[in-house]
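Undergrad: Below you will find the structure I want to go over with you.
The values are calculated or read from the model by the stated rules, or taken from the named source; none is laboratory data. For clarity, every value in this text was computed on a predicted model and none was experimentally measured. We place every Cβ from the backbone using ideal geometry, glycine too, and count neighbours over all the protein chains shown.
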């Protein structure tokens, strides 16, 4: 009984971790299905996120506006991960 | 001895500045531009004053790319001045061709715009109710501002123009082709639109099947099926009423066409053409229903003016809200 639970848990974890790289270019729709991530669809790249982001100040790799732009321009998910250095 | 270089000018009026960036979007082809032409006037990039342009002899500039609509006295003056100084004047971008987004101000007037921008907007703190004045006397002398018009005009409503290059901003292929045509002296007849004679739908890679919809969605509300016409999925796409040349870039990333390419060839009105296209597919099933309510169907369209006339209000038959004297 506990074994099945564990495999289920493992499967769930794997799903959460590996999915993004396999999502291809239309990953924004996948992400929007995750609870609290549905607002990804509302972004129109005003740039407030980057202006307010404490990390964006120190480097070019993780500017939220750029990431949102790449998401909406439907670049491949692997490219987005590369941008983040992942 | 090398051939004498052409003289280019770029100017911006009521626009966002995106068109200036579109010029650079042609990437390495900008080197070809520099090879064939000298840029003699470009306020966004070069420090050349208006008085320098006034000092030029008439028809001194070979090609002037003018972006932006005309909404102030200064812009009108520059449009007339550049018309006088240029052999070829190109309306560059949606604003110059058809009024563009600034043209939506034609539903309002100067008084209302100033009240909103300088007095009522939530982020404004203006206790003395200061609004722009044409001239103000200060101890150092008199300060002046150009007049702000009630009506936004397109460039061709202001001066005589030679070519239209539509798009918001114009697609880099169109810009590159236009520059090539200028370099080879193969420009089409005056008054031509420097874009293909087809609609966005003709260039769109998505498949169209049976045209029938009963519900209209906004972009964030649905996950569009890949490779299926967005309009047939209920997302308002201006493709059928919009001139192509953009290779349907927006649609290929699931964003509907907003109509920046302007009026299709042989159409008079972009908004009317789109309304007619939409009404021919909207609610065909519901029509048979006894409880058919056309108002309900139409009420699904949020912001009809901003949807159908986003870039073309000043150039349309509507042109502007009637002004009460």
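Undergrad: Taking segment B:38-69 on its own, how many of its residues are in contact (Cβ under 8 Å) with a residue 40 or more places away in the chain, farther than 10 Å from residue B:85 by Cβ and outside any loop (DSSP other than H, G, I, E, B)?
TA: 6
Undergrad: Hey, does segment B:257-269 have a residue that's buried (at least 19 other Cβ atoms within 10 Å of the Cβ), within 21 Å of the chain's Cα centre (by Cα) and either within 14 Å of another protein chain (Cβ to nearest Cβ) or not in a loop (DSSP other than H, G, I, E, B) (or both)?
TA: yes
Undergrad: Take residue B:21 and tell me if it is in contact with a helix residue (DSSP H, G or I) (Cβ under 7 Å, 6 or more places away or on another chain) and either outside the structural domain of residue B:159 (by TED's automatic domain parsing) or in contact (Cβ under 8 Å) with a residue 12 or more places away in the chain (or both). Lay out the reasoning, then the answer.
TA: On the way: in contact with a helix residue (DSSP H, G or I) (Cβ under 7 Å, 6 or more places away or on another chain): no; either outside the structural domain of residue B:159 (by TED's automatic domain parsing) or in contact (Cβ under 8 Å) with a residue 12 or more places away in the chain (or both): yes.
Answer is no for this residue.
Undergrad: Exactly one condition in (1) surrounded by 14 or more Cβ atoms within 10 Å (Cβ to Cβ); (2) within 14 Å of chain A (Cβ to nearest Cβ) is not met by residue B:182; state its number.
TA: Residue B:182 satisfies every listed condition except (2).
Undergrad: Another question, if that's okay. Please tell me if residue B:191 is without any contact (Cβ under 8 Å) to a residue 40 or more places away in the chain and within 19 Å of the chain's Cα centre (by Cα). Before you say what the answer is, go through the steps one by one.
TA: Numbers: without any contact (Cβ under 8 Å) to a residue 40 or more places away in the chain: yes; within 19 Å of the chain's Cα centre (by Cα): yes.
Yes; evaluated as a whole, the condition is true for this residue.
Undergrad: Further, regarding this structure: Any residue at all in segment B:217-238 that is crowded, with 22+ Cβ neighbours inside 10 Å and assigned to a helix (DSSP H, G or I)?
TA: The answer is yes, given that some residue of segment B:217-238 is crowded, with 22+ Cβ neighbours inside 10 Å and assigned to a helix (DSSP H, G or I).
Undergrad: Name the single residue, out of those in segment B:239-256 being within 11 Å of another protein chain (Cβ to nearest Cβ) and not in a helix (DSSP H, G or I), that is surrounded by the most Cβ atoms within 10 Å (Cβ to Cβ). Walk me through how you get there before you give the answer.
TA: Our first condition is that a residue be within 11 Å of another protein chain (Cβ to nearest Cβ); within segment B:239-256, this holds for B:249-250, B:252-255.
Those left that are additionally not in a helix (DSSP H, G or I): B:249-250, B:254-255.
Numbers: B:249: 13, B:250: 20, B:254: 22, B:255: 17.
Among residues in segment B:239-256 that are within 11 Å of another protein chain (Cβ to nearest Cβ) and not in a helix (DSSP H, G or I), the one surrounded by the most Cβ atoms within 10 Å (Cβ to Cβ) is B:254.
Per-residue answers, yes or no, for (1) at pLDDT 95 or above; (2) more than 23 Å from residue B:311 (Cβ to Cβ):
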{"site": "B:2", "(1), (2)": "no, yes"}
{"site": "B:35", "(1), (2)": "no, yes"}
{"site": "B:82", "(1), (2)": "yes, no"}
{"site": "B:109", "(1), (2)": "no, no"}
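Here is a yes/no grid of residues against (1) surrounded by fewer than 11 Cβ atoms within 10 Å (Cβ to Cβ); (2) within 9 Å of chain B (Cβ to nearest Cβ); (3) closer than 15 Å to residue B:220 by Cα:
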| site | (1), (2), (3) |
| --- | --- |
| A:26 | no, yes, yes |
| A:36 | yes, no, yes |
| A:46 | yes, no, no |
| A:49 | no, no, no |
| A:52 | yes, no, no |
| A:56 | no, no, no |
| A:60 | yes, no, no |
| A:65 | no, no, no |
| A:70 | no, no, no |
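Undergrad: Continuing with this model, one more query. Here are some conditions: (1) touching a strand residue (DSSP E or B) at 6+ places or on another chain (Cβ under 6 Å); (2) surrounded by 13 or more Cβ atoms within 10 Å (Cβ to Cβ); (3) in a strand (DSSP E or B). Residue B:142 meets all but one. Which one does it not meet?
TA: (2)
Undergrad: Same structure, new question: Under 6 Å by Cβ, and 6 or more places apart or on different chains, what pairs join a residue from segment B:208-222 that is within 14 Å of chain A (Cβ to nearest Cβ) with one that is in a strand (DSSP E or B) and surrounded by 13 or more Cβ atoms within 10 Å (Cβ to Cβ)?
TA: Every condition considered, the pairs that remain are B:217/B:235.
Undergrad: Tell me which residues, restricted to segment B:10-37, are exposed (fewer than 13 other Cβ atoms within 10 Å of the Cβ) and part of a loop (DSSP other than H, G, I, E, B).
TA: B:17
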